[in-house]
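Report on the following structure.
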Number of protein chains: 2
Amino acid sequence: MALNQSAIQGLAAIVGPKSLLTDPGDCWPYGYDNSRRQGLPAAVAFVSNAEQVEALVQLANQHSFPVTARGLGTGTTGATVPERNGIVIAFERMNRILRIDPANRLAVVEPGVVNETLQRALGEHGFFWPPDPTSAAICTIGGNLAYNSAGPRAVKYGTPRENTLGLAAVTGSGQRIRAGVLTTKGVVGYDLTRLIIGSEGTLALITEATLKLTPVAEAKQTLRATYRDIHAAADAVAAIMAQPITPCALEFMDAAAIDMVRQYSDLGVSADTGALLMIEVDGPADCVSATADAVASAARNPGLLDLSVARDREQIAALWRTRKALSPALRHVAPKKINEDVVVPVSRIATFIDTLEQLAHQYRIRIVNFGHAGNGNIHVNLLVNPDDVDEMARAADCLAGVFDCVVALGGTLSGEHGVGLEKRDFIDREIDPPALALMRAIKAQFDPNGILNPGKGLPLIAPEIAPE
Amino acid sequence: MALNQSAIQGLAAIVGPKSLLTDPGDCWPYGYDNSRRQGLPAAVAFVSNAEQVEALVQLANQHSFPVTARGLGTGTTGATVPERNGIVIAFERMNRILRIDPANRLAVVEPGVVNETLQRALGEHGFFWPPDPTSAAICTIGGNLAYNSAGPRAVKYGTPRENTLGLAAVTGSGQRIRAGVLTTKGVVGYDLTRLIIGSEGTLALITEATLKLTPVAEAKQTLRATYRDIHAAADAVAAIMAQPITPCALEFMDAAAIDMVRQYSDLGVSADTGALLMIEVDGPADCVSATADAVASAARNPGLLDLSVARDREQIAALWRTRKALSPALRHVAPKKINEDVVVPVSRIATFIDTLEQLAHQYRIRIVNFGHAGNGNIHVNLLVNPDDVDEMARAADCLAGVFDCVVALGGTLSGEHGVGLEKRDFIDREIDPPALALMRAIKAQFDPNGILNPGKGLPLIAPEIAPE
């Protein structure tokens, strides 16, 4: 059912006609994210304050239309793809940095602030906010919180859940709430802050976030280590994580990823390289070299082929070139690849990559793996052509095998991309039925009419089969 | 209503007669914690596995008796004080360390493990679990999780919510669930782990915890800085928190606390000392001295009286003596003091201490303050004699003034002691009505019959006044 005239008038009255799109051609660009999914919203409302969000959600409850929140649409799981005939609340214009408070190590921001914009503003005060997804230049803090998206620095500095002090939000029933505190300790009431973080706009819409800041380290050094095979690289990861210095990035690429980059750029790594680690350490200028040496020593094992240390900015940029060449190369080879972001315990990375090689062979799917090794967060890329029906069927079976392996190894189906529509029907492999029932019960308390991002994050409940 | 015979038989059938106390004299020691509150349980059941916990909670639902979980009773808010005619589930014998896994930086433990026992076991592998309450030698991990208790190291390493990967628990409806993951990233489903942490046994009883480990730094150095007054010390705290090195402890004592220690031991600080900071830094052995120097430089301001740096174990122990002499001195002077653990933003510490001095004067109550300055977590001690009815009345008014000031400064009523019975009726000053309503709704989903620790953590709902 399309939105009726009264609902549309209500929307216009709340955000003003200049902040409302209803023409399908105008709405279309707000109907997709970075997954392959699309949905045409009945309207797009650009909000600029919490009062408007509150009024929109109340209107949605009144008229029973679904509401999907959207930052800048860089998500990869369809979590911001709207329901047909629902509305999109676009947060891109609600993008003020309200306060940067170095003495209290916090910043208060609106959800539409772009991650990189925030980082630049914080940098002037000598601070940063640890979450740094690859899309930092074009993704919003609201989106980072919705998916608990982190990136490479999480290995040392944590994810949004470890770096957010409090939130203001509008629940699905249209009530404004404050969760959390302004301080780094606080245990009054239940932790609604972290419950809302990672809930993909299904419980409440975040209208303000109080972020915990971390001081920028004085200096940084980068190491690139190449190994004969993934087992040697995985051993190095485990050895690095078992010693006292935690790197601020510990990234890896498997042989398939290295081969792919090699086709497009001069890698400067030898032909027999079977795996590559990029390791970054930070700390006081006086001791970052010693720190790098300690990590280098843990990275050395009989399978090591080459170890380079970059001690200044230019050398660091040169070393990262390989890793940074990967995403464009991947896009070139397989523009519609399936990109998963599963996590396995660090000690199981090698076993997992072995299994992926078997699955690639079994299903005749090319798989390229890279990711945040220090967290066991592996980006598994199935290079498929979506127009090839047979290949897509094999890829679906292969993916089911990947997820089975992840769960069997004690891992999780998503580290930072979230569930959205893509993984919704898989998560009951990981979450047990009573926990899932509790999650549904919590959802019903925040959003009794089910208007917030319906169908995302949790598996649909199978309709009861009516008796004949 | 006392437990009926069938319920008692049920308890005995579940844990065995040797693990069940029903004699009031035997039960009494399980009826209090470190608050001044007491309640006699109808029975105490010592559990040794999750199946028993599940069966006990199911029995409680069947017979409608309340259940209070208990570690070793070191809490200070009455959260483990049982309801009359309810039972205590004692976790002290369910105390195995199930797994220490350095490569994955995790440990799996039962809730009854004593914090210090765990730390010793982890130390052998070069790791620790950051939460370190003052009672670490006698408090359990289950209790640390129930209150989100942290201690001094939280300023650098966080609280239990930042250091727990997953939980197994039994909900109030008697269902066993698993929450969270084994890895440091994971965003599948809602975050039940942190919802249960800090919920004081009102949502679910933790039967197993997967803890995130941190490597022990190679070296540590300690600084003691004395200041003319609290303003100078607070300025130093802000300056320390605004520079790149985060200390692993940043503790303070106010003038009243210093005076108190001075009465019982040789302090070695000058008579005009108005405030004292204990600062600890850790890091690689090669650079911990440079680190200490950087922090010392931030600690220097015109109000500094003296700065000592301890670079080896003996010197460190000598410096900590002052701080460690405080608790025994306090116990001696006021064995039944009121000990609050409020939090204010770091930049408001001086204003807060000023207000406390005014309140002390206004209500003629002696107040001694110390605490975790780096988190703004101030332990406010009202030295009262509970037998003095007039003084206790003034203390209650004074405390209300303390809480008002905390909320007005943007702080929180508890940093790590929790709410329990003590602060239950104050938390609606901090949490807004719709958030509180959501917390109650969540409680009702986990514990539909309200058998888990009733009356703790959330304010009681005022009975509706019946119409005449």
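Read-outs: derived from the displayed coordinates by stated rules, not from any lab. What you see is a predicted model, and the numbers here were worked out from it, not measured in a lab. A quick note on method: Cβ atoms are made from the backbone with ideal geometry, for glycine too, and the neighbour counts reach across all protein chains shown.
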Inset, instruction - Name the nearest-to-axis residue of chain B, judged by Cβ distance to the rotation axis taking chain B onto chain A, and quote that distance in whole Å. - result: B:287, 1
Inset, instruction - Positive end of the charge dipole of the protein assembly as shown (Lys, Arg +1 and Asp, Glu -1 on Cβ, about the Cα centre): tell me which of B:442, B:361, B:302 has its Cα farthest that way. - result: B:302
Inset, instruction - Let me know the shape class of segment A:178-255, please: from the alpha-carbon gyration tensor, a ≥ b ≥ c as square roots of the eigenvalues, rounded when a/c is under 1.5, otherwise prolate if a/b is greater than b/c, or oblate. - result: prolate
Legend entry - Alpha-carbon centroid distance for the pair segment A:73-135 / segment A:241-313, whole angstrom: 30
Legend entry - Segment residue A:239-residue A:301, length gained on full extension (0.36 nm per residue, minus Cα span): 21.4 nm
Legend entry - Ascending list, in nanometres, of distances separating the residue B:271 label from those of the other copies (7 Å, Cα toward Cβ): 8.5
Legend entry - Label-point separation, residue A:12 to residue A:315 (7 Å along Cα→Cβ), nm: 6.4
Legend entry - Other protein chain Cβ atoms within 10 Å, averaged over every residue that makes up A:403-415: 3
Legend entry - Nm distances between copies for residue B:392, ranked from closest, using label points 7 Å along Cα→Cβ: 7.4
Legend entry - Cα pair distances exceeding 33 angstrom across chain A, given as percent: 39
Inset, instruction - Based on the mean of other Cβ atoms within 10 Å per residue, sort peptides B:350-359, B:233-242 so the most packed one is first. - result: B:233-242, B:350-359
Legend entry - Estimated [θ] at 222 nm from DSSP helical runs (n ≥ 4, -39500 (n - 2.57)) normalised by residues in chain A, nearest 500: -10000 deg cm²/dmol
Inset, instruction - Let me know the number of lysine pairs in chain A closer than 19 Å at the Cα, not counting same-chain pairs under 8 apart. - result: 11
Legend entry - Average other protein chain Cβ within 10 Å of Cβ, residues B:239-246: 5
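Averaged over peptide B:427-434, how many Cβ atoms belonging to another chain are found within 10 Å of each residue's Cβ?
On the way: counts 2, 1, 1, 5, 7, 6, 2, 8.
Average per residue, whole number: 4.
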Inset, instruction - Taking each pair of different alpha-carbon atoms in segment A:334-449 once, compute 1/r for the pair, average those values, and report the inverse of that mean as the Kirkwood hydrodynamic radius in Å to one decimal. - result: 15.1
Inset, instruction - Taking Cβ-Cβ under 4.7 Å as the only way to count a partner, pick out the unpartnered cysteines of chain B. - result: B:27, B:139, B:248, B:398, B:405
Legend entry - the protein assembly as shown: radius of gyration over Cα atoms, expressed as a fraction of 2.2 N^0.38 Å: 0.95
Legend entry - Cβ-Cβ FRET estimate between residue A:116 and residue A:272, R0 fixed at 45 Å, reported to 0.05: 0.75
Legend entry - Potential lengthening between residue A:327 and residue A:361 on full extension [0.36 nm per residue; Cα-Cα distance subtracted]: 9.9 nm
Legend entry - Overall form of segment A:217-333 per C-alpha gyration tensor (a/c, 1.5; a/b vs b/c): oblate
